[in-house]
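Before any comments, here is the structure.
The values are calculated or read from the model by the stated rules, or taken from the named source; none is laboratory data. Predicted, not measured: the structure shown is a model, and the values here were computed from it. Here Cβ is always computed from backbone atoms with ideal geometry, including for glycine, and neighbour counts include all displayed protein chains.
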Amino acid sequence: MSESIDNDLSFLLYDILGQTTKSIQLNQMNRAMWEGRNFCSVFMRFLSKRMCPNTSTIHFRDFGRICPSEQQFELKLLKLIFSRAKRISDIYMTVREEDERHYFPKIPLGIWNELSKMKTLQRVWIARYRLAHCDMIGLCQQLPNLEVLSVLVEWVVRHNLWTIDPHCKLRALYLTFSVVGSNKVGLSKLLEPPNLETVFLTNLKVSKEELVKTAKLVEQESILNRISMIVLRMDRNTRWHEIKEGEKFVNTVLRLRESRASLEF
């Protein structure tokens with residue numbers, strides 16, 4: 001087994017079990033089985049015997065180098081963990097720092113379904129997949145305890161479909177947008193969750209009219225009443241008049257909420 005795969009397995013087991021490979025001793029296993037067709041089943045048996053039911057945080061890195069032939073490995077792993085650990089509050093699905101991707105695949109339906117079943121989740125960070133606008137909203141609706149959401153969002157709708165429970169606990173949004181065609185983000189509806197404290201929106205494409213509407217809602221105290229920081233990182237093709245309205249919106253938040261607000265490019 002290569003050193004890079006060894007390291008990936010070490011990280012994976014540490015993140016799931018809270019133990020280093022020094023205490024788990026991967027080398028006690030048959031390395032040929034790790035690298036062979038039985039990798040998935042061997043790993044699952046190995047993990048199921050050692051996983052703590054009180055596990056609360058899971059950090060998944062990219063599995064490509066660990067098990068490139070097993071397309072369902074990540075899904076099977078999620079199912080195993082969620083069946084054993086019932087108190088997971090944090091999940092991170094990331095890529096390696098050295099990976100420079102310009103395209104991220106859509107989140108597989110099976111993984112989305114598993115995440116939506118884990119009602120104890122409070123913090124979800126997904127940097128390896130992109131979510132359609134409706135998938136992001138659906139995740140918020142399915143997770144009643146969700147407080148922090150960080151995802152890549154593919155915005156494919158002309159009209160905002162955001163509908164949210166007025167008792168929603170969401171307090172932090174970190175969204176990076178991929179806006180399809182001429183569609184623009186419905187900012188006013190996006191900022192409706194009543195407990196929002198921190199908002200970072202990257203690659204944001206929003207119309208002048210929507211910025212004006214959102215600023216008025218701030219003035220009416222309809223949104224962002226608990227905000228402490230909001231950062232709008234605009235799409236590089238943002239027009240001048242949209243920039244000016246964006247600056248007015250930021251100034252409105254600064255003036256009325258006494259919070260940190262900025263417009264970036």
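If you go through the stretch 151-158 one residue at a time, do you hit one that is touching an Asp or Glu at 6+ places or on another chain (Cβ under 9 Å), farther than 19 Å from residue 91 by Cβ and modelled with pLDDT under 95? Taking every residue of the stretch 151-158 in turn, at least one turns out to be touching an Asp or Glu at 6+ places or on another chain (Cβ under 9 Å), farther than 19 Å from residue 91 by Cβ and modelled with pLDDT under 95. In this structure, residue 91 qualifies as β-branched (Val, Ile, Thr), modelled with pLDDT of 75 or more and outside any helix (DSSP H, G or I). Condition test on residue 260, is it within 18 Å of residue 172 (Cα to Cα) and basic (Lys, Arg)? Against the criterion (within 18 Å of residue 172 (Cα to Cα) and basic (Lys, Arg)), residue 260 qualifies.
Here residue 210 does not qualify as modelled with pLDDT under 90, closer than 21 Å to residue 176 by Cβ and crowded, with 16+ Cβ neighbours inside 10 Å.
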